[in-house]
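Report on one structure; see the data block that follows.
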Amino acid sequence: MLTKKHVDHQLQAARQLVEAGSQALRQNNILGAHEALLEANAILDMAEEVDEDGLKLRARVLNELGVIYQRQNQLEVARDYHQRAADICNQLMESGVEFRGNTAATHLNLSSILVALEDFETALEMGQKAIALTDSLREEGEMGAEPLALGASQNMSLVMARLGKLDEADAEMHRAVDLANRLNEQGVPNVSVQAAQGCQQLSVAMFEADLLDRALAWGQVAVDLSEKAYEVHGQPVLGVYLVSQINLISYNEKLGEFADAEDCLWKAIEVAGNEPQILRRGLVFYETLRKQTDARLEAGNLPRDEVDEGYEEIKERIESIGGLPPLENAGGVEQG
């Protein structure tokens, strides 16, 4: 049987590995994070008994391993790790241990995985628990809970959208955007990017439900947020901005608002230059418009001569970069 001193030594070694793994994960060093966290998990497996601190550490390891598998798109594996972490969190909470922040984050991660796996009812249950916990922390003035609350509301909006509860989805995303704006004013990094991606997802859900005006409205919010993020962070968030603009092109095109769609296209080109992703979308856009009747083009405030002019300029830009690379999944509602 291991002595307490030996167990304490094991836990200290595991804790150091968890810290190293967490830092690697924040730096997107997935391989380094995976190795460190798996080793920490193995050390915890060897400990015959763990105290409250050991259980907290175990929950953290399992949760972060779940994040790694989620990023690798191994969703069932990620779900199992997050579920095991959630079970430990619940055990600690039920025994009176203060662990609300970690418990909320774990249930939020589990809920997002369940959305991806289309288990929406269970995702709703997990998401509601995350919101309740973050709300209780915020009521007590815990400022560190604000970013977590943003993620919880954003996730809940997408759960509601997938359940067809679109008014509730609207309300939750409005809550998330309000939080993002407040945190952005406080200088918290990356919140505009996070909120923009949530609004993108909600706009796509509205588009798929054939609620085009609402899709357009949320798509515009996503553009505004991603543009704000791009002004601060530059190239690393350009992709988020482009997807937002590509979505708006699609929504306006579907509504027959061709001039507005074209404005989105050229605004994106103004920002991104001859970026293949947006040039490809522009080519598809103009090729589609050239098949429309003159009357329909006029109704969309984009006469044929302007369509032809835009089409020729897009082709010239594509030629100037030596043609378009092979098509990859570029994001957005429509991909040419």
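Pairs of lysines in the stretch 156-309 whose Cα atoms sit within less than 28 Å of one another amount to 6, provided the residues are eight or more positions apart or on different chains.
For the chain, the fraction of C-alpha pairs more than 34 angstrom apart is 35%.
The residues of the stretch 253-297 present an accessible area of 45 Å² per residue when probed at 1.4 Å with all protein chains retained. With q set to 0.11, 0.15, 0.18, 0.19 Å⁻¹, the log10 of I(q)/I(0) for the stretch 150-296, from the Debye formula over equal scatterers at the Cα positions, is -0.42, -0.75, -1.01, -1.09.
Couplings for the stretch 200-212, taken from phi via the Karplus curve 6.51 cos²θ - 1.76 cosθ + 1.60 with θ = phi - 60°, read 4, 5, 5, 4, 5, 4, 5, 4, 5, 7, 6, 9, 5 Hz in order; Gly and Pro are left as x.
Taking Arg162, Arg15, Arg290 in turn, the Gaussian network model of the chain (Cα-Cα springs below 10 Å) assigns the largest fluctuation to Arg290. Were the residues from Glu94 through Asp80 laid out at 0.36 nm apart, the gain over their Cα-Cα distance would be 2.9 nm. Computed from Cα atoms, the angle from the helix 52-71 axis to the main principal axis of the chain rounds to 30 degrees.
Once you sort the root eigenvalues of the Cα gyration tensor of the stretch 113-228 as a ≥ b ≥ c, which label holds: rounded (a/c under 1.5), prolate (a/b larger than b/c) or oblate (the other case)? Oblate shape, in that a/c is at least 1.5 and b/c is the bigger or equal ratio. For the chain, find the longest principal axis of its Cα atoms and tell me its angle to the long axis of helix 166-185, 0 to 90°, nearest 10. Relative to the chain, helix 166-185 is tipped by roughly 80 degrees. Please sort by residue number the GluC sites (Glu not before Pro) in the stretch 82-123 whose DSSP state is loop and whose Cβ has at most 16 other Cβ atoms within 10 Å. Sparse-neighbourhood loop GluC sites (Glu not before Pro): Glu98, Glu118. Take the alpha carbon gyration tensor of the stretch 1-119, find the square roots of its eigenvalues, order them as a ≥ b ≥ c, and report rounded if a/c is under 1.5; if not, report prolate when a/b exceeds b/c, else oblate. Here the stretch 1-119 falls in the oblate category. Carbon-plus-sulfur accessible fraction, the stretch 146-214 (probe radius 1.4 Å, protein heavy atoms only): 46%.
The distance from the alpha carbon centre of the stretch 60-78 to that of the stretch 83-135 is 14 Å, rounded to a whole number.
Across all C-alpha atoms in the stretch 164-246, the radius of gyration and Dmax reach 12.4, 37 Å. Look at where the Cα atoms of the stretch 12-36 and of the stretch 191-214 average out, and the two centres are 33 Å apart.
Straight-line cross-link reach from Lys315 at under 18 Å between alpha-carbon atoms covers these aspartates and glutamates, not counting any fewer than eight positions away in the same chain: Glu262, Asp263, Glu270, Glu275, Glu287, Asp305, Glu306. The angle between the Cα long axis of helix 238-254 and the main principal axis of the chain comes to about 50°, on a 0 to 90 degree scale.
The values are calculated or read from the model by the stated rules, or taken from the named source; none is laboratory data. Remember, it's a predicted structure, so these values are computed and weren't measured experimentally. We place every Cβ from the backbone using ideal geometry, glycine too, and count neighbours over all the protein chains shown. Side chains are part of the model used for accessible areas, which takes the heavy atoms of the whole protein and leaves out ligands, DNA and RNA. Shrake-Rupley method; radii C 1.70, N 1.55, O 1.52, S 1.80 Å.
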